[in-house]
Amino acid sequence: MCNLAMSVEPLIPSDRFSKMHPVLKAFLCGSVSGTCSTLLFQPLDLVKTRLQSHQLSTMRIRPGMLNLFLNVIRNENILGLWKGVSPSFLRCIPGVGLYFSTLYALKQHYFTEQDPTPVESVLLGAGSRTVAGVCMLPFTVVKTRYESGKYGYRSVYGALQNIYRTEGPRGLFSGLTATLLRDAPFSGIYLMFYTQAKTIVPQEEVDPALTPLLNFMCGIMAGILASVVTQPADVIKTHMQLSHEKYRWTGQAANYIFKNHGLAGFFRGGLPRALRRTLMAAMAWTVYEQMMKKMGLKS
């Protein structure tokens, strides 16, 4: 983990970025961290989507996580695990950058003299994620459909055109409520647990070489807790984006899941999502904070 964080140093020529606005620096750091984490953990996101999409079928036997991994490799080769990585990049690179730059701007504006309280951390994280989530939602819809294997889109641009032509603007923003109910609480809860975990061990008492590892472990703990709380909203979001014609509103999708799959249905795909979101968020924050330090900014 330390090596990964140190490997971003060549990407930060101080002379070139010394005059850049701090918010733009935060956007750049967030975008780089989003690139690393998206590329590494895309297979987990694909498997999570496939697990949840099987709830829409009439199959009685539900494939497990390992079986889905093997089926994708067998039928679509190893690169099939990265299906949907293009819309993921288009969503996550600017999306993570927008999240971190919004978070940085809010912290600098409202918390220059003191650190935010746990409740304030929840509001900061949720507010920043809401901004990024709304802006990037069309790419989220395309990414979900790519990963499901149920749509034959040839390009991200073609998918956006097709959705707009056949479903209108509503299609590009399908699942908006469920997405925000998933992402805003996740980011708020994650930021609260992450900042609180870091206060347990004072940073000044830790060997600087171990700081990235400490941040990563704090991120792991925060990610697990936040993933469990927001899993039901993720399942609802997937259903709405894959079967937009069936649901008029979020409660309708939730009712369908409960009637047909019970409470357990709201946690379908929970393991790969928890692994992916936890590792992705932990890596993104670790890389982001290391880059911000190199740029002379406090995140």
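Every read-out reported here was derived from the displayed coordinates using simple, explicitly stated rules and does not represent laboratory data. Since this is a predicted model, take the numbers as computed values, not measurements. Because the Cβ atoms are built from the backbone with ideal geometry, glycine has one as well, and the counts that use them run over all protein chains shown.
FRET efficiency for the pair Ile73 and Val228, taken as 1/(1 + (r/R0)^6) with r the Cβ-Cβ distance and R0 = 30 Å, rounds to 0.60. A Förster radius of 45 Å, combined with the Cβ-Cβ distance separating Arg154 from Trp249, puts the computed FRET efficiency at roughly 0.90. Of all lysines in the structure, the ones whose alpha carbon falls short of 22 Å from that of Lys237, not counting any fewer than 8 places away in one chain, are Lys48, Lys83, Lys143, Lys150, Lys246, Lys259. Positive end of the dipole of the chain (Cβ unit charges, origin at the Cα centre): among Pro94, Ala254, Ile189, the Cα lying farthest that way belongs to Ala254.
Here the Karplus relation 6.51 cos²θ - 1.76 cosθ + 1.60, evaluated at θ = phi - 60°, turns the backbone of the range 79-84 into coupling constants of 5, x, 5, 9, 4, x Hz, with x for every Gly and Pro. Working note: Karplus 6.51/-1.76/1.60 with θ = phi - 60° gives the range 237-253 the couplings 4, 5, 4, 5, 7, 8, 10, 4, 6, 8, 10, 8, 8, 4, x, 5, 5 Hz, where Gly and Pro are set to x. Net charge dipole, the range 190-299: roughly 500 debye, given to the nearest 20, about the Cα centre with Cβ charges of +1 for Lys and Arg and -1 for Asp and Glu.
Full extension of the chain segment joining Val119 with Leu263 gains 49.0 nm, where the gain is 0.36 nm per residue of separation less the Cα-Cα distance. Candidates Gln290, Ser128, Phe111 compared by Cα position along the dipole of the range 20-294: farthest toward the positive end lies Ser128, with charges placed on Cβ. Counting every other Cβ atom within 10 Å of each residue's Cβ, Trp249, Trp285 order from fewest to most as Trp249, Trp285.
Sorting the segments 258-264, 155-161, 222-228 by their residues' average number of neighbouring beta-carbon atoms within 10 angstrom, most packed first, yields 222-228, 155-161, 258-264. Ordered by the count of other Cβ atoms within 10 Å of each Cβ, fewest first, Met292, Met65, Met283 give Met65, Met292, Met283. The Ile220 and Leu66 beta-carbon pair, evaluated with R₀ = 30 Å, returns a calculated FRET efficiency of approximately 0.85. Placing +1 on the Cβ of every Lys and Arg and -1 on the Cβ of every Asp and Glu, with no other charges, gives the chain a dipole of roughly 1280 debye about its Cα centre.
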